[in-house]
Every structure is written in structure tokens, then in C-alpha cells.
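Novice: Dropping the structure in here first, questions after.
Every number here is computed from the coordinates shown, using simple stated rules; none is lab data. The structure presented is a predicted model; accordingly, all values stated were derived computationally and were not measured. Positions of Cβ are generated from backbone atoms using ideal geometry, with glycine treated the same way; all protein chains shown enter the neighbour counts.
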Amino acid sequence: MSPETVVECAWCGEVIERADDPNAPADRVSHGVCLDCLGGLLDMPVTDMHALDSEDVNRLPFGLMELTRMGVVRRYNVTEAEMAGLAVDSVLGKDFFREVAPCTQATEFEDRWRELLASGGGDADFEFVFRFQRGHRLVRIRMIVEDDGDRNLILVQDLEVASRGESATDGLRSAS
């Protein structure tokens, strides 16, 4: 029996797809976004989040950051840049926890990240307050740490905007 790749929704954890993958080193879980969580963006491809090109990543209705094991920002979408008030180019290649968002050096954020890395991967879903000089931002965070630890995602939903009905993220469900 060849190894299986399972694609789970990055938000709700629902299995989107299962496929035998003879090229996979072992059974692996990858992440995409299910149609329920995409809400009104039905033309968005349901696929491996890492396989999305820059255009598709920038069309996501939530912030997306891809970090290395060391916390260096590898990808940073336009949605997150707009929510955070940072230019994409100013963030790429920087240490997320030290240079981009030092407010995340908190037990409820960076420590969860480190625990997921130490445990060999997994995910965490929680609310967090980003404290910017221009004001605070209540968000929902979904951390997805891959078992190899070098292609990790942090997804960010702005809860304050979503609660006012001003965001395409209204269709996102809470992870159970």
C-alpha cells in the first residue's frame, strides 16, 4: 500500500481530499481550504496551501504567513499586509517573532508555536490581540506546523472586522 496524502481544511480541519501518493515519504497531511470556509470565494482553488501561487495567496480572505522552523517569513499575503499595516517586501526574510511582530513573543503565541515544533507538528486555533501603535486588533489565529517543521502556516482572521460584517471571512467556521 502506497503512502496516503490527506488534505485538511486549514480552518475547520475537515478532510477535503485523500489520495495515494507514491512520491510521499510517509503518510502526510497537507492543508487547503474547504468550500464552506471559503464562503463567497467559490472560485478559489481547493488545494494544498503551499501549492498556491502568489496571486491565489493574495486572493485569500484572511491573512496568511508561511514561516520556516526558525520563524523566518517565507510568504506573507496582501490581506495580512493590509491588516497589519506592513508592506509585504518589508516582512519577507525577517524573523516574525523578533522583527515583524514582537508582540507575539507571548506564551499564548510564540510558546504555542515552539510547542508545536517540538511535538513534531500539529495545529492550534486561538484568539489573540495584536497591539499596534495605531490600535489593537482582535484576531483568530490558526497555526499549522508541518511535521518537517520548515513549511509552517499562520492564518489570521480579523474578528473585529468580521463581526461588523465587513469581511469575506464571515463564512469561516470555528475549528472544533
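Novice: Under a crude label model (7 Å from the Cα following the beta-carbon direction), how far is ARG69 from ALA51 in nanometres?
Specialist: Distance between the two pseudo-spin positions: 2.5 nm.
Novice: Right, another one. Short version: ³J(HN,Hα) in whole Hz for each residue of the range 98-112, in order, from phi by Karplus 6.51 cos²θ - 1.76 cosθ + 1.60 (θ = phi - 60°), x for Gly and Pro, what are they?
Specialist: 9, 9, 8, 9, x, 5, 7, 6, 10, 3, 6, 10, 4, 5, 4
Novice: Under a plain spin-label model, where a point goes 7 Å from the Cα along Cα-to-Cβ, how far apart in nm are ARG98 and ARG59?
Specialist: The modelled label-to-label distance comes out at 3.7 nm.
Novice: Between THR107 and GLU17, with labels modelled 7 Å along Cα→Cβ, what's the label distance in nm to one decimal, could you check?
Specialist: 4.1
Novice: Moving to a separate point now. Skipping prolines and chain starts, which residues have an amide H placed within reach, meaning under 5 Å, of the one on GLY121, given they are 5 or more residues away or on another chain?
Specialist: Amide H neighbours of GLY121, under 5 Å, 5+ apart: none.
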